[in-house]
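Okay, so here's the structure we're looking at.
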Amino acid sequence: MPELARAVRGAEESARSLAERALKRLAAADADLNIFLARDPERALAAADAADRAGAEAGPLAGIPVALKDNLATADLPTTCGSRILEGFVPPYEATVVRRLRAAGAVIVGKTNMDEFAMGSSNENSAYGPARNPHDATRVPGGSSGGSAAAVAAGVVPAALGSDTGGSVRQPGSLSGVVGVKPTYGRVSRYGLVAFASSLDQIGPLAANVADAAAVLQAIAGLDPLDATSADEPVPDLVGAARAGAERGLEGVVIGVPAECFGEGLEAGVRERCEAALAALAADGAELRDVSLPHTPLAVPTYYLIAPAEASSNLARYDGVRYGPRWDAEAGLVGMYEETRARGFGAEVKRRIMLGTYVLSAGYYDRYYGRAQQMRERIAADFRAVFADGVHAIFTPTSPSTAFALGERTDDPYQMYLADVFTVTANLAGIPGASVPVGLADGLPVGGQILADHFDEATVFRVAAALERALGEAA
């Protein structure tokens with residue numbers, strides 16, 4: 001992708017032709033896979049023409065077609081969050097990440113399908129029907145950023161943005177066979193990201209390879225005065241870190257392997273590919289070290305107390321007054337609230353609102369939400385102890401399984417929630433992580449997860465690029 005952008009800046013490649021090819025692939029893929037919720041060919045071609053006119057003055061992503069998850073505010077396209085309650089809603093402003101992508105020269109071709117309000121691990125909770133996995137259209141692409149992952153996997157765009165609250169960039173990256181990156185909490189502005197769980201949400205890239213993901217994160221990262229949680233931390237040379245990993249070995253790098261992530265519940269094919277990835281890292285010079293993250297088994301219940309509690313508060317604003325459609329306006333104010341929320345929200349969102357409201361209610365706050373926050377601190381302490389002991393990165397499977405069949409887990413929320421068992425810990429601790437393709441099991445992609453300490457995305461990209469090179473065609 002950086003080479004393609006250089007070709008556009010040097011007039012060796014036309015941004016318009018790149019956009020036209022992306023739009024053609026979008027139409028072909030969307031017919032079978034239901035990847036996109038909105039598209040805007042006219043504005044995309046106009047942006048491509050602007051990149052062509054800018055020539056050498058265009059940004060680092062000059063003319064690169066990208067897609068956006070539909071929970072990122074865009075002033076020229078609807079932002080529905082995959083929900084009926086925001087059907088047709090066009091925000092009056094744009095998310096910081098969208099403005100930064102445009103400033104870097106990227107061409108936005110459309111908004112991608114997602115689980116409603118980012119609540120799900122399969123993309124089956126979208127009010128507009130499920131996105132499908134390009135590797136096997138009878139299976140899920142993962143969630144909640146399933147549309148963005150599928151758009152990259154299908155070759156519609158080389159990169160897309162998603163959001164990651166409990167693994168929603170990394171898990172679909174794994175199931176769809178692409179790279180997915182969750183930055184450190186605070187590394188990327190959340191201004192213009194429709195909030196699900198504010199202490200956990202992060203925006204991250206999905207891309208066809210590690211170098212492309214680094215280029216996108218480089219473009220969107222950094223302090224933003226419009227987001228109070230945005231961190232005033234220097235952004236390192238992430239593209240250079242990925243290049244270093246691809247060109248040099250991992251001599252001197254210590255990679256922790258937590259026993260808690262290789263126990264029961266891990267599919268045999270996933271285990272086999274992850275063990276092969278560890279062998280490739282060791283052959284590339286890395287030192288593998290057994291480590292322990294003892295509170296990992298409690299991460300899923302902790303997450304499913306904190307995230308719904310925050311969601312129940314964040315989603316209280318959708319009542320038919322300020323956003324989206326209004327149902328039964330003749331039923332009085334309370335009746336209109338009830339009818340709008342009953343018809344506008346889907347079943348999974350209602351389940352999480354009720355759960356979150358319950359754990360925040362009088363008499364139960366300390367028993368559930370308070371204890372979950374205490375457990376969150378213990379999970380974060382597990383990571384601090386490992387990194388303080390000289391470990392530079394941690395390797396785990398991204399998901400315990402490959403892509404499962406559509407409908408296989410929709411009646412069993414507990415099994416669905418377990419899809420995030422290896423990813424939620426990074427959100428609870430606020431650390432960065434990436435999922436990298438490590439091969440196929442029964443013909444379906446498997447992802448390996450690389451985690452590092454706060455604001456050390458450079459190590460994530462270095463190790464990820466080295467692993468990508470070491471596995472080669474085997475990935």
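The values are calculated or read from the model by the stated rules, or taken from the named source; none is laboratory data. The shown structure was predicted, so the numbers you read here are calculated from the model rather than taken from an experiment. With ideal geometry, Cβ positions are generated from the backbone for all residues, glycine too; neighbour counts draw on all protein chains shown. Surface areas here come from the heavy atoms of the whole protein model, side chains and all, with no ligands, DNA or RNA. Shrake-Rupley method; radii C 1.70, N 1.55, O 1.52, S 1.80 Å.
Odds and ends about this structure:
- Set side by side, the residues A385, A434, A466 differ, and just one is of a type outside the set (F, W, Y) and surrounded by fewer than 24 Cβ atoms within 10 Å (Cβ to Cβ), which is A385.
- Looking only at region 437-463, and only at residues there that are surrounded by fewer than 24 Cβ atoms within 10 Å (Cβ to Cβ) and of a type in the set (D, E), the one that is nearest to P258 (Cα to Cα): D453
- For the criterion of being under 30 Å from V460 (Cβ atoms), open to solvent by 20 Å² or more (accessible area, probe 1.4 Å) and touching a residue at least 40 places away in the same chain (Cβ under 8 Å), P294 passes.
- Scanning region 50-82 for residues that are of a type in the set (D, E, K, R) and open to solvent by 40 Å² or more (accessible area, probe 1.4 Å) yields D52, R53, E57, D76.
- The criterion of being assigned to a strand (DSSP E or B), over 24 Å from D70 (Cβ atoms) and either in contact (Cβ under 8 Å) with a residue 60 or more places away in the chain or open to solvent by 40 Å² or more (accessible area, probe 1.4 Å) (or both) holds for I255.
- Residue in region 106-122 that is at pLDDT 95 or above, surrounded by fewer than 24 Cβ atoms within 10 Å (Cβ to Cβ) and either in contact with a Phe, Trp or Tyr (Cβ under 8 Å, 6 or more places away or on another chain) or not in a strand (DSSP E or B) (or both) present: no
- Looking only at region 375-430, and only at residues there that are in a loop (DSSP other than H, G, I, E, B) and aliphatic (A, V, I, L, M), the one that is modelled with the lowest pLDDT: V421
- When residues of region 300-330 are limited to those that are in contact with a helix residue (DSSP H, G or I) (Cβ under 6 Å, 6 or more places away or on another chain), among the hydrophobic types (A, V, I, L, M, F, W, C) and farther than 30 Å from V421 by Cβ, the one most open to solvent (accessible area, probe 1.4 Å): A329
- Exactly one residue out of E260, E264 is among the acidic types (D, E), part of a loop (DSSP other than H, G, I, E, B) and within 25 Å of A381 (Cβ to Cβ), and it is E264.
- Any hit, region 83-99, residues being surrounded by fewer than 24 Cβ atoms within 10 Å (Cβ to Cβ), within 21 Å of Q218 (Cβ to Cβ) and touching a Lys or Arg at 6+ places or on another chain (Cβ under 9 Å): yes
- When G245, G335, G344 are checked against the criterion of being open to solvent by less than 10 Å² (accessible area, probe 1.4 Å) and more than 30 Å from A466 (Cα to Cα), G344 stands alone in meeting it.
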